[in-house]
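Report on the structure given below.
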Amino acid sequence: MIAAIAAIAAIAASAPDAIARLDPDPLDATGRSEQPTRQWVPRGLAMSVFNRLLVGTLPLVPRFIVGRVAARYVAGATLEDALRVVAELNRQGAMATVDLLGEEVSERDKALAAVDEYLRVFAAIQERGLDSNVSIKLTLLGLKVDEGFCRDNVATVAAAARARGNFVRIDMEDSSCTDATLRIYRELQARHGNLGVVLQAYMRRTLTDVAELPREGANVRLCKGIYVESRRIAWKGYETVRANFVRALEKLIESGVYPAIATHDEYLAAAATALIDRHGLRRDRYEFQMLLGVDQELREILIAAGHRLRVYVPYGRDWYPYSIRRLRENPEVARHVLRALVARR
Ligand code: FAD
């Protein structure tokens, strides 16, 4: 990693004029897309080698660099920041789901503070008339403290959402959480009726999970999956994961589940629209979902084609783990890190 940073810094030092021509940060807080303007970048192989080196060693990149490069993926530190971004997304024709950043909490007080914050989020969404629901992570709400404690916290959040006519999406975390997440989802969905869950196309178990989910009123976000999992339980091939995504989506549609199709992969967006057409799904029977700061152009294309689309809007002070996951997926992470390094000089 130090070698990667050093190599990148050396390139920066050897090409100051060219680097001065780099554009400002290409995506703003609402994820406006990058303009293909003049820029100096090491092309092709060299860049992909830098990307691979950096992705493998991102946890060693200084925090201020991570913060600077990942700013596009996070609305800001406060609820007010998130609400401002949601209002702007609504103006652009997109719905939103607000996520309070934080995970792997080991103290009850922190989990309870997160519950209180979510109650404020629902109140603010309703007071401002915003089109947004909420996404939660069970390890922020105490899953690793105690499953029963976590379930009670989720129940409080779901009840507050229901009182305000809103909806709670339970994000799916790494495989150590999958069974408990599905258990809590089933129990609370049966009780409250306003929860949704997430299935990950890279997991080998996902087609079975689709078949076993209670169908009545089910709302499932389907994504590829972001955590590092063993090959024993997760598909690893890029095309294999795509194929499993399409199979899972078709099964969800066939069983009458409301699918939230979460991807920036143009191939999957095209495959999903073909399935939607083939099954004659009404526009209010599915939605696309994308992350803040990723591919606004695709977002605009899908909205212009008449699809409903929701943007995931994370906010909060605990931005680091989420940002590292997003940077790992950015195909141009080395260029952005290089730019952040140069801007620091
Ligand atoms: P990819 O092949 O990864 O990306 C397709 C293209 O999108 C890339 O070539 C690139 O051009 C662009 N792109 C993708 N990511 C970035 C990035 N960070 N920066 C810049 N460009 C990028 N995963 C979970 O495990 N659990 C969850 O609960 C979960 N919730 C999600 C919610 C939403 C709304 C979305 C959109 C994703 C969620 N994910 C979740 C993450 C998901 O699993 C994938 O890791 C992520 O969406 C990337 O997969 P992709 O389908 O976009 O395909």
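Please list 3J(HN,Hα) in residue order for the range 133-150, calculated via the Karplus relation 6.51 cos²θ - 1.76 cosθ + 1.60 where θ = phi - 60°; whole Hz, with x for glycine and proline.
10, 9, 10, 10, 10, 5, 6, 7, 8, x, 4, 7, 7, 5, 4, x, 4, 5
Just how many % of Cα pairs in the chain lie over 28 Å apart, if you round to the nearest whole percent?
44 percent
Please state the relative contact order of the range 223-340 as a whole percent: Cα pairs under 8 Å, 6+ residues apart?
It rounds to 20 percent for the range 223-340.
Compute the semi-axes of the equivalent ellipsoid of the range 158-289, taking the square root of 5 times each eigenvalue of the Cα gyration tensor, and list them largest first in whole Å.
23, 19, 12
Tell me which of GLY316, LEU188, ALA272 sits at the most positive position along the dipole axis of the chain, charges placed on C-beta atoms (Lys, Arg +1; Asp, Glu -1).
Final value for the positive-end residue is ALA272.
Going by alpha carbons, how many degrees (0 to 90, nearest 10) lie between the helix axis of 320-329 and the longest principal axis of the chain?
For 320-329 against the chain, the angle is about 70 degrees.
As I understand it, the dipole of the chain uses +1 on the Cβ of Lys and Arg and -1 on the Cβ of Asp and Glu, about the Cα centre. Which of ALA114, ASN330, ASN166 lies farthest toward its positive end?
Highest projection toward the positive end goes to ASN330.
What shape does the range 217-345 take by its C-alpha gyration tensor, where a ≥ b ≥ c are the square roots of the eigenvalues and a/c under 1.5 counts as rounded, a/b above b/c as prolate, and the rest as oblate?
Taking the square roots of the gyration eigenvalues as a ≥ b ≥ c, the range 217-345 is prolate.
Going by C-beta contacts inside 10 Å, put SER175, SER323, SER230 in order with the fewest on the left.
Ranked by crowding around the Cβ, least crowded first: SER230, SER175, SER323.
Treat every Asp and Glu Cβ in the range 275-332 as -1 and every Lys and Arg Cβ as +1, leave all other atoms uncharged, and give the resulting dipole magnitude about the Cα centre to the nearest 20 debye.
Numbers: 11 positive and 9 negative charges, 57 e Å.
It comes to approximately 280 debye.
Rank the residues ARG335, ARG247 as a footprinting-exposure proxy: fewest other Cβ atoms within 10 Å of their Cβ go first. Intermediate results must be reported in sequence, preceding the final value.
Working: ARG335 21, ARG247 14.
Fewest-to-most ranking of ARG335, ARG247: ARG247, ARG335.
If you line up the long axis of helix 266-278 against the longest principal axis of the chain, both from Cα atoms, how many degrees apart are they, to the nearest 10?
Between helix and principal axis, roughly 30 degrees.
From the helices alone, meaning DSSP H stretches of at least four residues, give me the mean residue ellipticity at 222 nm for the chain, per-run term -39500 (n - 2.57), in deg cm²/dmol to the nearest 500.
Calculated mean residue ellipticity at 222 nm is -15500 deg cm²/dmol.
In which sequence would ARG242, ARG231, ARG183 go, from the one with the fewest C-beta neighbours within 10 Å to the one with the most?
Placing the least packed residue first, the sequence is ARG231, ARG183, ARG242.
Hey, can you grab everything whose amide H is under 5 Å from the amide H of GLY196? Only 5+ residues off in sequence or another chain; H modelled, so Pro and N-termini drop out.
VAL168, ARG169, ILE170
Return the Rg/Rh ratio of the range 83-225 with Cα-based radii and a Kirkwood Rh. Present the calculation step by step, with values, prior to reporting the outcome.
Details: Rg = 14.8 Å, Rh = 15.5 Å.
We get a ratio of 0.96 for the range 83-225.
We did not get these values from a lab; they are worked out from the coordinates using the rules stated. In this text the structure is predicted, and so the values were computed from the model without any measurement. Methodologically, a virtual Cβ is constructed for each residue, glycine included, from the backbone with ideal geometry; neighbour enumeration extends over all protein chains shown.
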